Amino acid sequence: MMMASRRGGAKLAGSMILVSRSFSKPISRGVIAKEAVTAEAVGFHGDVLRKNIGEFWVRGSVFGVRHGSTVSFGEKDQQKTEMKQTPPVADGGDKEEKKEIASYWGVPPKRVTKEDGTEWKWNCFRPWETYSADLSIDLKKHHLPATFLDKIAYWTVKALRLPTDLFFQRRYGCRAMMLETVAAVPGMVGGMLLHCKSLRRFEQSGGWIKTLLDEAENERMHLMTFMEVAKPKWYERALVITVQGVFLNAYFIGYIISPKFAHRMVGYLEEEAIHSYTEFLKELDKGNIENVPAPSIAIDYWRLPPTATLRDVVLVVRADEAHHRDVNHFASDIHYQGRELKEAPAPIGYH
């Protein structure tokens, strides 16, 4: 009996070494056998294995070990406990509170607060990305089309305005929503192409990548704001998908062929946006459109007073469009002078 028991113990010890090599290091440390297991259950003959012998998880015979989880049962239980004990945090823009996501990689979300110490509720932008719009900008500036490409860009924008006027007429809330879904495309396309160009040529961009991407983000925030004011219908959403798909590909090709044409076209597009928002303000002043309180996302993004109204929002959005007009006409002028954008410092932070 003693000899048989010793031989069984020797086999067990040798096999445990094989098992330890079959598993990754985390498994060999973590997976715990919580109950006593007989030697026959793991393919041996001998005494009962008690406690946590080797702390291995064996499925089937020792020589048929399958891969197990790299996290032990104890670690999994601990993670579940942490997720249950994590305090809830408000999601950006949603009224319902949600629990934080426990991060295995140690990348917890930062707690961001306002200047008064209250919790910042927006995840789509942060306090340091907000600003006060410059309303003193000249809204009447206009670039007279002189060259052939300028005239093509100008009349292309005018042609695009006709179906927009027919479809939306004086529904300026929905019109603004549609306009922003298109206006947010050029900055992203231009920034992406400049980014790829910078990678190919191993050169700096002069800050123009950031400027164009910031423009795209700013236009997207316009859309997020007007989504709170004008609720789009299903056919308007379908129209957005169609228009965006066509315009994105067309602008992508146009920018590759002629960046100066692409930027000039956006400059004229922003001039039309200024005109549309001016008409929007006239309808608000006449009382044809209700001057409702400003959405909370607009109040925080543009640092508006708590008593701000829709009219205040339209004013700051129109000022943004005027700045985008200047930036794109400036970029086109750089190309017309036979130079590249990187040779002129980009107007980063020009709002």
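The values are calculated or read from the model by the stated rules, or taken from the named source; none is laboratory data. Keep in mind that this is a model prediction, so the values were computed, not measured. Cβ sites come from the backbone with ideal geometry, for glycine too, and all protein chains shown count toward neighbours. Please note that ligands, DNA and RNA were not included when accessible areas were found on the heavy atoms of the full protein model with its side chains. Shrake-Rupley method; radii C 1.70, N 1.55, O 1.52, S 1.80 Å.
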Pair list, Cβ under 9 Å, 6 or more apart: the range 238-263 residue more than 21 Å from residue 329 (Cβ to Cβ) and touching a residue at least 24 places away in the same chain (Cβ under 8 Å), other residue open to solvent by 40 Å² or more (accessible area, probe 1.4 Å) and hydrophobic (A, V, I, L, M, F, W, C): 239/167; 248/188
Among the numbered criteria (1) over 17 Å from residue 141 (Cβ atoms); (2) out of contact with any Lys or Arg (no Cβ under 7 Å at 6 or more places or on another chain), which single criterion is violated by residue 283? (2)
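Residues checked against (1) buried (at least 19 other Cβ atoms within 10 Å of the Cβ); (2) without any contact (Cβ under 8 Å) to a residue 12 or more places away in the chain; (3) assigned to a helix (DSSP H, G or I):
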{"residue": "163", "(1), (2), (3)": "no, yes, yes"}
{"residue": "175", "(1), (2), (3)": "yes, no, yes"}
{"residue": "181", "(1), (2), (3)": "yes, no, yes"}
{"residue": "190", "(1), (2), (3)": "yes, no, yes"}
{"residue": "195", "(1), (2), (3)": "no, no, yes"}
{"residue": "199", "(1), (2), (3)": "no, yes, yes"}
Inside the range 242-259, the number of residues satisfying the requirement of being touching a helix residue (DSSP H, G or I) at 6+ places or on another chain (Cβ under 9 Å), farther than 18 Å from residue 211 by Cα and open to solvent by 60 Å² or more (accessible area, probe 1.4 Å) is 3
Output the residue which, of all residues in the range 94-113 that are at pLDDT below 80, assigned to a loop (DSSP other than H, G, I, E, B) and charged (D, E, K, R), is nearest to residue 220 (Cα to Cα). 94
Does residue 323 satisfy the condition of being outside any loop (DSSP other than H, G, I, E, B), in contact with a helix residue (DSSP H, G or I) (Cβ under 6 Å, 6 or more places away or on another chain) and within 28 Å of residue 261 (Cα to Cα)? no
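Residue-by-condition table, conditions (1) open to solvent by less than 60 Å² (accessible area, probe 1.4 Å); (2) among the hydrophobic types (A, V, I, L, M, F, W, C); (3) at pLDDT below 90:
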| position | (1), (2), (3) |
| --- | --- |
| 115 | no, no, yes |
| 127 | yes, no, yes |
| 133 | yes, yes, no |
| 136 | no, no, no |
| 142 | no, no, no |
| 148 | no, yes, no |
| 153 | yes, yes, no |
| 156 | yes, no, no |
| 160 | no, yes, yes |
I'd like to check something: does the range 327-336 contain any residue that is open to solvent by less than 30 Å² (accessible area, probe 1.4 Å), over 21 Å from residue 135 (Cα atoms) and not β-branched (Val, Ile, Thr)? yes
Filter the range 264-301 down to the residues that are over 22 Å from residue 191 (Cβ atoms), in contact (Cβ under 8 Å) with a residue 24 or more places away in the chain and among the aliphatic types (A, V, I, L, M) and list them by number. 274, 281, 284, 289, 292, 297, 298
In the range 287-298, what residues are more than 16 Å from residue 172 (Cβ to Cβ) and open to solvent by 30 Å² or more (accessible area, probe 1.4 Å)? 293, 296
Kindly indicate the residue of the range 260-273 that is in contact with a Lys or Arg (Cβ under 8 Å, 6 or more places away or on another chain) and open to solvent by 10 Å² or more (accessible area, probe 1.4 Å) and also modelled with the highest pLDDT among those meeting that condition. 271
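Quick check: is even one residue across the range 306-314 more than 26 Å from the chain's Cα centre (by Cα) and open to solvent by less than 10 Å² (accessible area, probe 1.4 Å)? Spell out the reasoning first.
Filtering the range 306-314 for residues more than 26 Å from the chain's Cα centre (by Cα) gives 306-309, 311-312.
Narrowing further to those that are open to solvent by less than 10 Å² (accessible area, probe 1.4 Å): 308.
Checked against the condition, which is being more than 26 Å from the chain's Cα centre (by Cα) and open to solvent by less than 10 Å² (accessible area, probe 1.4 Å), the range 306-314 yields at least one hit.
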Residue that is nearest to residue 131 (Cα to Cα), among those in the range 218-237 that are open to solvent by 30 Å² or more (accessible area, probe 1.4 Å) and touching a residue at least 60 places away in the same chain (Cβ under 8 Å): 224
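Does the range 206-217 contain at least one residue that is within 17 Å of residue 318 (Cα to Cα), open to solvent by less than 50 Å² (accessible area, probe 1.4 Å) and not polar (S, T, N, Q)?
From the range 206-217, those within 17 Å of residue 318 (Cα to Cα) are 214-217; that's our starting set.
With open to solvent by less than 50 Å² (accessible area, probe 1.4 Å) added as a condition, the list becomes 215-216.
Those still in the list that are not polar (S, T, N, Q) too: 215-216.
For the range 206-217, residues within 17 Å of residue 318 (Cα to Cα), open to solvent by less than 50 Å² (accessible area, probe 1.4 Å) and not polar (S, T, N, Q): present.
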